[in-house]
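Here's the structure, in structure tokens; my notes come after.
The values are calculated or read from the model by the stated rules, or taken from the named source; none is laboratory data. No experiment lies behind these values; they were computed from the predicted model shown. Using ideal geometry, Cβ is built from the backbone for each residue, glycine included, and neighbour counts are taken over all protein chains shown. Surface accessibility is based on the protein's heavy atoms, side chains included, excluding ligands, DNA and RNA. Shrake-Rupley method; radii C 1.70, N 1.55, O 1.52, S 1.80 Å.
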There are 2 protein chains.
Amino acid sequence: MAAQPPKDMTESTTETRWNRRLEDIANSLRPSLHEWIRRPRRIVEFEPDSDAYFHVRPKTSDHSISSLPSLNWTKNDEFVLDFGIHMVGYLSFVLDFTGANMDAPCRLHLTFGESLFDVTMDMKNVDTWLSTSWLPDETINVDFCPTDVSLPRRYSFRYLRVQVIDVSPKYTVRFLDVLCKCVSSISHDTPVEILKYNDPILDTIDHVSISTLRDCMQMVFEDGPRRDRRLWIGDLRLQALAAYSTFRDYKLVKRCLYLFAAVSRVDGSLPACVFEQPQLSPSTDYIIDYDMLFAPTVHDYMCASNDVQTGHELWQTVQGCLNRALGHVDPETKTFNPGHSDDWKFLDWDQQLDRTAGEHGVLLYCLKAANKLAQLLQKPEPFTELVQMLTASASQFLSDDGVFISGPSSQVSYASAAWLVLSEAFPQQTARTALLKTLAHPDVVKPLTPYLWHHVCDALATVGCYQECIDIMTSYWGKMVQAGADTFWECFHANDAKSSPYGDVRNNSFCHAWSCTPTYLLRGKLRHFVEAKNLGKVTVKQWDEKWIGRTV
Amino acid sequence: MAAQPPKDMTESTTETRWNRRLEDIANSLRPSLHEWIRRPRRIVEFEPDSDAYFHVRPKTSDHSISSLPSLNWTKNDEFVLDFGIHMVGYLSFVLDFTGANMDAPCRLHLTFGESLFDVTMDMKNVDTWLSTSWLPDETINVDFCPTDVSLPRRYSFRYLRVQVIDVSPKYTVRFLDVLCKCVSSISHDTPVEILKYNDPILDTIDHVSISTLRDCMQMVFEDGPRRDRRLWIGDLRLQALAAYSTFRDYKLVKRCLYLFAAVSRVDGSLPACVFEQPQLSPSTDYIIDYDMLFAPTVHDYMCASNDVQTGHELWQTVQGCLNRALGHVDPETKTFNPGHSDDWKFLDWDQQLDRTAGEHGVLLYCLKAANKLAQLLQKPEPFTELVQMLTASASQFLSDDGVFISGPSSQVSYASAAWLVLSEAFPQQTARTALLKTLAHPDVVKPLTPYLWHHVCDALATVGCYQECIDIMTSYWGKMVQAGADTFWECFHANDAKSSPYGDVRNNSFCHAWSCTPTYLLRGKLRHFVEAKNLGKVTVKQWDEKWIGRTV
């Protein structure tokens, strides 16, 4: 997720109702970040390749990585290191020189590459409406060598491009002991089950999902460790589901739930995201569907963890997070009315998307989750009648010719279909038929983000369309893998590597939480269909090493 | 000084004869750097001014400096701070933000300005044959605010240009507690005599000389604290003379003499400069006149300090430093023969300069200094006969029409004249007449550097041409003052502010040791002529404050 509401929607600045007690609980759950060292595996060069997704292909340099400490670099030289796998961490190296004296400083330009574009395009003239301060490059100057260079900022990268801007004719520089101190709240010793699927591409998709999840798991579930490094409700919900299926980490989810609960607002609503640094602070971004989705996120957490106490503690927040959406239910049509407020309705990046049916589906989905949570907590279900009403009124979104429609122009979209199916407003057979017919509609509005693609997949799996779900997974996430991804990207267009929701691909994130869900589906609803065999457990470290061996 | 020998001269790589005992003595004399805090005095803006040397004039902004902490800056904003006086030190500030959240990092570009060009031109496309890594700019990225930003590198500057490359639309940044921790081996409490001259411009020239000297006095006498930050013999000699007249600092001179003596070479010669960081190391640069000038530098030191022990300790080095030049004495003509070796003969930057007469003068000057040193040490004078011979043969450089000439084309130059006069090869009246006639010659080759201008001034003062000396001082150094200098520059062309020996003025140094000598002459040979009145002593701190008041 990255924040920019559509132009006609205002930010919500509703006052925060701070709950310091809940904040203290969140703080008590701060993880100790685990650290490990990763060193570059090879020096890479690039050759044009019109068949490759990035139109360029890395190849191992004739200079072996073991020769790096003895390689001398002068003005305008450059090289790219491949660490073999995506990482989040802190770069350090020893810069030394060769020559009688270092008679001028050394100026270096370092670019931390998640994608091949990062290390093959330069970082100049980036035309993006997001801040260019996110660009992953640094210019540093070193006066004396040998010296330990330790960059204080955290980076998210696999490739490191080193450009020697200048030295002097009297000396050259050498790079020794280049390493990344990797960090995650998931340690290298955490066990993960290896599953073997009936199609090798699914093994890889599963692996890349888990790597994505691990690299986003820091002091909170970040949306992307490169950018925006923030905790969003929509991303959190998906990350938590993936984490339950893999690392079985409940504590970080709990912490994140409390962080939101600590900054709920006077009307009960929740900010779309929070900042954890330098101290807890709610964002002014508000997204009505993210607000509602807090309810199923708590419900999922309780189901996974059996932590009843937290369920009770957060029950009031769960009820509150639905208030604002409930105000959008039109008394006449009994359906969600997006025009009721300027609140940002997300579902997907597509500005043309009619969100009436989709938000109706989200609301129904979330009310049901709240009811189920109430059951688990042995409380009366608060939304029984509302659920009945919204279930009945959902029929307005099913057209006479059996496709899901939304809004005054009866727009047909994946978003409406996915959320209406997930809401289980229709009998499964009806939902299944309508879903498949909607997805096949010639004018259907397709998803732009992995976030919506996930909900489409989840909807397909929910109604037993496993093969259709796998087909999307292999054609969408699978194509990212074929393009070279070892973590899943914030956005992906199979035929346009340079596309970006931000105007310039160099500001995209290539390790993004909302893309990590295939592992959740493969290890959950799809598990039997894909004939997943459990090969036993390995540690995350072994898991990483196996991956590096595969790709380098 | 900055090193680039003319193309036809090779670097000397003669083997070093390390003397660790002398190095230990040099190390025992390491100064403790004194520190003090300087804060910006005003925010400045610039307006075009075709009458100003830099074609631009700083003016105080409507934003007072006290308002700085409350000023908010966004993308593409910039401002320039004026600290009121040239400084050498470490910048720090607190970066804070205004806004609900800092939802993206902040990228800043900082440029440390010695000259107005530094902060009004950008630092792109600098076309210089010196390393661009000397350029005084840094790009930094800050993830969270408020944060203490402390730049680890030392800078030499008066102005600080701050450019906000990017923030985000959601926040602005503010700069609090901006300060420079200034450093010098000269403390703020060091007493300096204030002299009042018969012309106010001389008061200023004296002051600027002393500021230049102070800012170059660090762990060694640096040639320039911005660039090259190195100890050169030619610069050291002039700095030491200025220091004897002002701060009366002998210990740092002694340390520097030992640093050279510790790395004399197997043939007795000395490298043109040494590196003190990260550990003592001789440069491969060799300049034959710098080598010789070690002798008078030791002699001057002994005269100023009465440190007989050091004189004895360095006597062997003094004798050795003349060896290589003595090999250049042509057995037939008995004069210095530049063609004898590829050794770099400097005297001035001018590549067209014929150096025969000038180097002859330097050699004779240095041999006499060695003889005088021997006298002080109660040793036999080693070069009596040589001095007689070279004095006699110097007449070859005086033409029939009474000007100093050099080389096969009888080139007339300030360099030849200055050094032949300083060598006292001729009776004073002869020297005086020839000097004035040479300087007035229509085809005379004039100096390019303050280094040679100093020797011309010194020569004039030596033969009693005080007014002519003052005229040069006020027209050369005085014009730098009028152009805004508060330290003297490495090079200066009155009519071309952008001229540079390095191809681009942005790589020039504006605080350079070899330009600090007017104070030495004003307080020495010229003292009575300029009717200098001693107004008593003030501390360096009071001296600085007085200056700041004058210019801001």
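Scanning region B:16-66 for residues that are assigned to a helix (DSSP H, G or I) and either touching a Pro at 6+ places or on another chain (Cβ under 7 Å) or of a type in the set (Phe, Trp, Tyr) (or both) yields one hit, B:ILE65. Of all the listed residues (B:ASP307, B:ASP300, B:ASP249, B:ASP289), the sole one being charged (D, E, K, R) and open to solvent by less than 10 Å² (accessible area, probe 1.4 Å) is B:ASP289. Put simply, of A:LEU231, A:LEU202 the only residue that is closer than 16 Å to A:TYR451 by Cα and either open to solvent by 10 Å² or more (accessible area, probe 1.4 Å) or in contact (Cβ under 8 Å) with a residue 24 or more places away in the chain (or both) is A:LEU231.
Whether a residue is in contact with an Asp or Glu (Cβ under 9 Å, 6 or more places away or on another chain) and over 17 Å from B:THR335 (Cβ atoms) was assessed, and B:THR449 passes this test. Away from chain A (no Cβ under 14 Å) and at pLDDT below 95: which single residue out of B:ASP235, B:ASP249, B:ASP285, B:ASP267 fits that description? Exactly one of B:ASP235, B:ASP249, B:ASP285, B:ASP267 is away from chain A (no Cβ under 14 Å) and at pLDDT below 95, namely B:ASP249. Looking across region B:499-511 at every residue that is surrounded by 15 or more Cβ atoms within 10 Å (Cβ to Cβ) and not hydroxyl-bearing (Ser, Thr, Tyr), the one that is farthest from B:HIS207 (Cα to Cα) is identified as B:ASP504. Select from region B:409-432 the residues that are part of a loop (DSSP other than H, G, I, E, B) and in contact (Cβ under 8 Å) with a residue 12 or more places away in the chain and write down the one among them that is farthest from B:LYS368 (Cα to Cα). Taking the candidates together, the pick is B:SER409. A residue that is without any contact (Cβ under 8 Å) to a residue 24 or more places away in the chain, among the acidic types (Asp, Glu) and assigned to a helix (DSSP H, G or I) can be found somewhere in region B:382-392.
Considering region A:148-166, the residues that are of a type in the set (A, V, I, L, M) and within 24 Å of B:PRO105 (Cβ to Cβ) include one that is nearest to the other protein chains (Cβ to nearest Cβ), namely A:ILE165. Among the conditions (1) open to solvent by 10 Å² or more (accessible area, probe 1.4 Å); (2) out of contact with any Gly (no Cβ under 8 Å at 6 or more places or on another chain), B:ASN323 misses just one, which is (2). Considering the conditions (1) at pLDDT 95 or above; (2) open to solvent by less than 10 Å² (accessible area, probe 1.4 Å), A:ILE472 is excluded by exactly one of them, (2). Please determine whether any residue of region A:54-63 is of a type in the set (Gly, Ala, Ser) and at pLDDT 95 or above. Scanning region A:54-63, I find at least one residue that is of a type in the set (Gly, Ala, Ser) and at pLDDT 95 or above, so the answer is yes. Within region B:401-412, is there a residue that is in contact with a helix residue (DSSP H, G or I) (Cβ under 6 Å, 6 or more places away or on another chain) and either surrounded by fewer than 20 Cβ atoms within 10 Å (Cβ to Cβ) or outside the structural domain of B:LEU452 (by the TED database) (or both)? Within region B:401-412 (the criterion being in contact with a helix residue (DSSP H, G or I) (Cβ under 6 Å, 6 or more places away or on another chain) and either surrounded by fewer than 20 Cβ atoms within 10 Å (Cβ to Cβ) or outside the structural domain of B:LEU452 (by the TED database) (or both)), the answer is yes, since at least one residue qualifies. Selection of region A:118-147 for residues being more than 11 Å from chain B (Cβ to nearest Cβ), open to solvent by less than 20 Å² (accessible area, probe 1.4 Å) and either in contact with a Phe, Trp or Tyr (Cβ under 6 Å, 6 or more places away or on another chain) or in a loop (DSSP other than H, G, I, E, B) (or both) yields only A:VAL119.
One residue stands out among those in region B:94-116 that are away from chain A (no Cβ under 14 Å) and open to solvent by 10 Å² or more (accessible area, probe 1.4 Å): the one that is farthest from the chain's Cα centre (by Cα), which is B:LEU116.
Looking at region B:148-197, which of its residues are open to solvent by less than 40 Å² (accessible area, probe 1.4 Å), assigned to a strand (DSSP E or B) and hydroxyl-bearing (Ser, Thr, Tyr)? Correct list: B:TYR155, B:SER156, B:TYR159, B:SER168, B:TYR171, B:THR172, B:SER184. Taken over region B:190-223, the criterion of being hydroxyl-bearing (Ser, Thr, Tyr) and in contact with a Pro (Cβ under 7 Å, 6 or more places away or on another chain) is satisfied by B:SER209 alone. With a requirement of 2 or more residues that are within 19 Å of the chain's Cα centre (by Cα), the helices (runs of 4 or more DSSP H) lying completely within region B:448-552 that satisfy it span B:450-462, B:466-482, B:518-522. Of the residues in region A:491-498, not one is in contact (Cβ under 8 Å) with a residue 60 or more places away in the chain, buried (at least 19 other Cβ atoms within 10 Å of the Cβ) and of a type in the set (Lys, Arg). The residue list B:GLY536, B:GLY478, B:GLY524 contains one member that is on the phi > 0 side of the Ramachandran plot and of a type in the set (Gly, Ala, Ser), which is B:GLY536. The residue that is surrounded by the fewest Cβ atoms within 10 Å (Cβ to Cβ), counting only those in region B:512-552 that are touching a helix residue (DSSP H, G or I) at 6+ places or on another chain (Cβ under 6 Å) and polar (S, T, N, Q), is B:THR519. Restricting attention to region A:67-86, the residues that are under 16 Å from A:ASP96 (Cβ atoms) and either open to solvent by 30 Å² or more (accessible area, probe 1.4 Å) or more than 36 Å from the chain's Cα centre (by Cα) (or both) add up to 8. Within region B:352-375, the presence of a residue that is among the acidic types (Asp, Glu) and more than 26 Å from the chain's Cα centre (by Cα) is excluded.
Taking the criterion of being among the small types (Gly, Ala, Ser) and open to solvent by 30 Å² or more (accessible area, probe 1.4 Å), the only residue of region B:43-63 that qualifies is B:SER50.
Do the conditions hold for A:LEU213, that is, is it open to solvent by less than 10 Å² (accessible area, probe 1.4 Å) and under 22 Å from A:TYR520 (Cα atoms)? When the stated conditions are applied, A:LEU213 passes them.
Before we move on, is A:PRO169 in the same structural domain as A:ASP504 (by the TED database) and farther than 20 Å from B:ARG107 by Cα? No, not satisfied. Just one residue in the set B:ASP300, B:ASP291 is modelled with pLDDT of 95 or more, in contact with a Ser or Thr (Cβ under 9 Å, 6 or more places away or on another chain) and more than 14 Å from chain A (Cβ to nearest Cβ); that residue is B:ASP291.
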